[in-house]
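*Asks:* Provided herewith is a single structure, encoded as structure tokens, for subsequent inquiry.
The values are calculated or read from the model by the stated rules, or taken from the named source; none is laboratory data. What you see is a predicted model; the values in this text were computed from it and never measured. Quick reminder, even Gly has a Cβ in these numbers, built from the backbone with ideal geometry, and neighbours come from all protein chains shown.
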Amino acid sequence: MYAKIFYDKGTILIKGDLAIPSSNWDPRSGAYRAMALFYRDIVEYLKRSNVNYVDEALELLPTPYLQCKVKLKNFQHDALKAWLDAGKRGIIVLPTGSGKTMIAVAAISELKTPTIVIVPTLDLVEQWQRVLTNEFNAEIGVFGGGENVLQPITVSTYDSAYLRAGELGNRFGLIVFDEVHHLPSAGFRHIAEMFASPYRMGLTATYERQDGLHNDLPRLVGGKVYELSVQHLAGRHLSEYELEKLYVDLTLEEKKEYESLYKIFTDYLVKRNITIRTPRDFTKFIMRSGRDQAARRALLARNKAMDIALNSQMKLDALENVLLDQPMEPTIIFTQHNKLVHRIAQRFLIPYITYMTPKDERKEILDNFREGRYRLIVTSKVLDEGVDVPDATQAIILSGTGSTREFIQRLGRILRKREGKKAKLIEIVTRNTAEMKMSSRRKRTRRDDASVEPTNY
Amino acid sequence: MLPSNLLITRSRAGNIRPVYAPPDKSHVALATELIQTFQEWVGKRKGTLYASLEPFEELGFDYRVIRGLCALLERNCSFEAQSYIEPRMARRAVFREVNKHPLVATEELKRRIFETVAPTLEVSPKQLEESLWSDLDDALVLKEFAPIEPVELLKRYNLSLTQTLLFKAVALDVTVSENFQQIFRRIKYLGLMYSVEKSADMFTISVDGPMSLFKLTEKYGTSLAKLLPPITETRQWSLKAKIVAGERHSPRLLQLNLDSNTAKDLFPSADSEYGKRVFDSSVEAGFARSFTSLRTGWRLTREPEPLMAGQAVMIPDFSFEKDGMTVYLEVVGFWTEEYLKKKLQKLKRLEVQHLIVAANKSLSCSSFRELKGQVIFYEKKVPLKPIMEYLKKMDEELVARQSVALEHVEITLQEDIVEMQDLAEQFHTSTEAIKKQLMTRPPKGYRIIGDVLIREEKLSDISVKLAKLSDDKLSTALKLIEDEGVKAPYQILQALKFTVEWHGLDQDKATIKRAY
């Protein structure tokens, strides 16, 4: 028996005279083919079966001696050890702000193999690139945001990795998925399937997904190998924080308009006997509005009503009061829509970041914020995940969706450790509107989830 | 390609199809209106452009049609920020000044900040304020708009709509009869995989990707969509695609069927781009030109139909065809010895006997001396001489083979005048072979004049008629011979021992004279 294995566009081709588990016969190539995900299993199977084989699958990038000086905290060290013991595979669950990046850095230094780090946003690309450059004193490759540079240590967005998995999949020994809860979505899971990297690390603060797809993670990356919740860290490694909720009323005029618009929406639902309870019901309704003019009018009216509630003049006034109240605190203001970002930026002359902001300007603004030249930033959803903004001690949410994860991630932003500092999260909500429901949904889900229950509430 | 929320489809009984915007009266009117609006907006702001387009959504068309058309029109636009100073520089200066204050909560403070910063940037406070937000999307100014014909816009829209639906495709089967090189090249470039079946002169290509072996995946949808234009540009095509539709929790697999018979007028036509397609390199174009000018009797085809080798195909650059023989020519630009060897090996598997590889000497990436056989090396242009020699040799071999076959055939002639070309067709052989055969075994009672056989009696009949002509003008004689049904009058004149006397270059002034 003999076998020769190759990498081919996200798959492993096996030429030889034997069938191998997890592979399918491909008549077009006259060979067995398997997802690159199974590369490690295939090699182990060949070894165990004493098959004479040639392995031409991995073409690892020539790599300099990777050594960093990072000193891990105790819990970080434990996490790394758990991962190594699990066969250099698996997922580490730690709260935002606890230094997950450093665990990956130490893993790269330990394995000394070319590594690709997959991250969800361009901000995170930037942040990882900065940390890795520092730690390894080497040029770091980047895929995403128009850049395509391949290096022994490379950072890529999920989008770019998805598009290029077929060509990059055999160049790295270790693949690190930051915010790994993104990975199981229908598209992104291809990244894990099309990379042959035998060593895999997943990092996240929120392992569970509402749609249950996290059940696929053990297959794609490996199981959960280490988990630590917020209360284990708060006070010691993270700053404590408190949560404050401010209710504002719509102005009379806004209220009148809001109600008449919202009525168009509810009237339509009553007339057609439609109930909307879940996000799925809502998606169905949106799809319906493509065919049905009346449904579309109802949808537009609802959107306009929400717009009034989210962008209420009173909210801006409340924001002004909060900002005047704490005139020294570095603060990030979050909104759901760009429109509101621009209104706030123009009213108070505050630096803003949206998805339209060019990469270098975004970096400039964040640098200025970090170094204290700007005290305030207003942003839409772009800063949602993991971006390291160390000196933010106050966050204000002006509007948001009802998603649990988004809420925690935003919360996490202000959890950066700072001596003797209590961080603060302020949510400004409009009373008596549909937005109230969104806000209480967040709270309810959060209470259900013990691991993120704040210590100081 | 459009954002997926602008895709409009209808599905029925397991089939799905985009809802197209046919180039009918109402859609052309809509397209015309939209194009005009964009044209009128040159010099104005993007935000107001879109505000002015909103009422179109009330016209009874699906709003997604209007937004889709506008999305395509926006690709013909260039927007720019108009400001006195670079907006980013203005913001940087203002934000740093702002940071000196707890909060800019009053208009008064705002004004003071502009007044402080403006002089440092050498603008007025008002100019500073206007520059500050001038690169926001809504504030951009439409600088240029490249107009487009309404019907062309609708056709591009329909193509984009189909491509957007194909984003969700898991596999694509296309049937085409031309444009192979472009199609296969694109398949390869996009990292897709294919298998091919041939029936008559149509090729059915089934396309998906390496991961498709393991699961239904939409991963290759975008690539399959990019494969669409070179298909719909051909004259005759059909396609079938499996499309994932419905919600994420209960996906369904639907079928998209389209073909040129029913959808041709919906898409950009062949002559818009396909017809104007150029040669890959000037080397190839030059070769085609000089070969055609030689009139060899061999028919030159650029990108002949694919040669099949198991599940793979190869499309040579040129084919030469004559009397059922085909010779292929592959022009190689950059190459290595390994590449050439592999290519020759592949050709061997194809069982193609006659193939010439022309490789550029100066572009070689390794030594080429060891390679023998059908490889021609060239420096600046593909040389005609070795190719002509190759074809000539094939001609001779063919004639020799056919002559042998004709030896045992009885050729009986009935007409007064018989063209060899007609005989060749009758016996399914080449004119050269017939001629050779007739030369060695001349048929009784006939004379061979050029490529024509003429009965002796007919010839003397013409001879007598020529003697009786009222004048000795060449043109009169030629007309007489042609009227008798002979296509080669000069050769007849020559055979009847006439000579032509030219008086200047004008044929009308030439006379004939019998040489006794």
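*Asks:* Need pairs with beta-carbon distance below 9 Å; first residue within 14 Å of chain B (Cβ to nearest Cβ) and within the range A:141-167, second part of a helix (DSSP H, G or I) and of a type in the set (Asp, Glu); sequence gap 6+ or separate chains.
*Replies:* Every condition considered, the pairs that remain are A:Ala165/A:Glu193.
*Asks:* Then there's this: If we scan the range A:344-351, do we find a residue that is among the β-branched types (Val, Ile, Thr), out of contact with any Lys or Arg (no Cβ under 8 Å at 6 or more places or on another chain) and more than 10 Å from chain B (Cβ to nearest Cβ)? Full working, then the answer.
*Replies:* Here is the first cut: in the range A:344-351, the ones among the β-branched types (Val, Ile, Thr) are A:344, A:350.
Applying the additional criterion that residues be out of contact with any Lys or Arg (no Cβ under 8 Å at 6 or more places or on another chain) yields A:344, A:350.
Next, only the ones that are more than 10 Å from chain B (Cβ to nearest Cβ) stay: A:344.
Checked against the condition, which is being among the β-branched types (Val, Ile, Thr), out of contact with any Lys or Arg (no Cβ under 8 Å at 6 or more places or on another chain) and more than 10 Å from chain B (Cβ to nearest Cβ), the range A:344-351 yields at least one hit.
Here's the yes/no breakdown for (1) more than 10 Å from every other protein chain (Cβ to nearest Cβ); (2) closer than 26 Å to B:Thr9 by Cβ:
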| residue | (1), (2) |
| --- | --- |
| B:Gln39 | yes, no |
| B:Arg45 | yes, no |
| B:Phe61 | yes, yes |
| B:Arg75 | yes, yes |
| B:Ala81 | yes, no |
| B:Ala90 | yes, no |
| B:Asn99 | no, no |
| B:Ala105 | no, no |
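*Asks:* Which of the residues belonging to the range B:453-488 are closer than 19 Å to B:Ala510 by Cα and part of a strand (DSSP E or B)?
*Replies:* B:Lys473
*Asks:* Let me ask you something else. Within the range B:390-401, can one find any residue that is modelled with pLDDT of 80 or more, more than 22 Å from B:Arg295 (Cα to Cα) and out of contact with any His (no Cβ under 7 Å at 6 or more places or on another chain)?
*Replies:* Let us first name the residues in the range B:390-401 that are modelled with pLDDT of 80 or more, namely B:390-401.
Now restrict to residues that are more than 22 Å from B:Arg295 (Cα to Cα): B:401.
Then drop every residue that is not out of contact with any His (no Cβ under 7 Å at 6 or more places or on another chain), which leaves B:401.
Yes: the range B:390-401 contains one or more residues that are modelled with pLDDT of 80 or more, more than 22 Å from B:Arg295 (Cα to Cα) and out of contact with any His (no Cβ under 7 Å at 6 or more places or on another chain).
*Asks:* Would you point out the residue of the range A:307-329, among those that are within 11 Å of chain B (Cβ to nearest Cβ) and part of a loop (DSSP other than H, G, I, E, B), that is nearest to A:Asp249 (Cα to Cα)?
*Replies:* Ranking the qualifying residues of the range A:307-329, first place goes to A:Gln326.
*Asks:* Just to verify a result, which residue in the range B:63-73, among those that are within 14 Å of another protein chain (Cβ to nearest Cβ) and touching a helix residue (DSSP H, G or I) at 6+ places or on another chain (Cβ under 7 Å), is nearest to B:Asn158 (Cα to Cα)?
*Replies:* B:Gly68
*Asks:* Taking the stated definitions as given, is A:Lys304 over 26 Å from A:Ala423 (Cβ atoms), more than 14 Å from every other protein chain (Cβ to nearest Cβ) and surrounded by 14 or more Cβ atoms within 10 Å (Cβ to Cβ)?
*Replies:* Answer is no for this residue.
*Asks:* Here is a list of conditions, (1) in contact (Cβ under 8 Å) with a residue 40 or more places away in the chain; (2) of a type outside the set (S, T, N, Q); (3) more than 21 Å from A:Glu361 (Cβ to Cβ), and B:Gly60 meets all of them except one; can you say which number that is?
*Replies:* Every condition holds for B:Gly60 apart from (1).
*Asks:* Would you check which residues across the range B:138-150 are under 39 Å from the mean Cα position of the chain (by Cα) and either at pLDDT below 90 or within 14 Å of another protein chain (Cβ to nearest Cβ) (or both) and list them?
*Replies:* Scanning the range B:138-150 gives a single hit, B:Leu140.
*Asks:* Name the residues in the range B:160-192 that are over 20 Å from the mean Cα position of the chain (by Cα) and among the basic types (Lys, Arg), would you?
*Replies:* B:Lys168
*Asks:* Could you tell me whether any residue of the range A:379-386 is surrounded by 23 or more Cβ atoms within 10 Å (Cβ to Cβ), within 13 Å of chain B (Cβ to nearest Cβ) and modelled with pLDDT of 85 or more?
*Replies:* For the range A:379-386, residues surrounded by 23 or more Cβ atoms within 10 Å (Cβ to Cβ), within 13 Å of chain B (Cβ to nearest Cβ) and modelled with pLDDT of 85 or more: absent.
*Asks:* Kindly check whether there is at least one residue in the range A:164-171 that is over 24 Å from A:Lys9 (Cβ atoms) and of a type in the set (D, E, K, R).
*Replies:* Scanning the range A:164-171 turns up no residue that is over 24 Å from A:Lys9 (Cβ atoms) and of a type in the set (D, E, K, R).
*Asks:* Right, here's the next one. Determine which member of the set B:Lys361, B:Lys276 is more than 28 Å from A:Ser29 (Cβ to Cβ), at pLDDT below 80 and touching an Asp or Glu at 6+ places or on another chain (Cβ under 7 Å).
*Replies:* Answer to the check: B:Lys361.
*Asks:* Would you be able to say whether some residue in the range A:341-348 is more than 17 Å from B:Thr106 (Cα to Cα), modelled with pLDDT of 85 or more and among the aromatic types (Phe, Trp, Tyr)?
*Replies:* No, the conditions are met nowhere in the range A:341-348.
To keep it simple, each residue is scored yes or no on (1) small (Gly, Ala, Ser); (2) outside any helix (DSSP H, G or I); (3) in contact (Cβ under 8 Å) with a residue 60 or more places away in the chain.
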position: B:Leu73; (1), (2), (3): no, no, yes
position: B:Ser83; (1), (2), (3): yes, yes, no
position: B:Ala90; (1), (2), (3): yes, no, no
position: B:Ala118; (1), (2), (3): yes, no, no
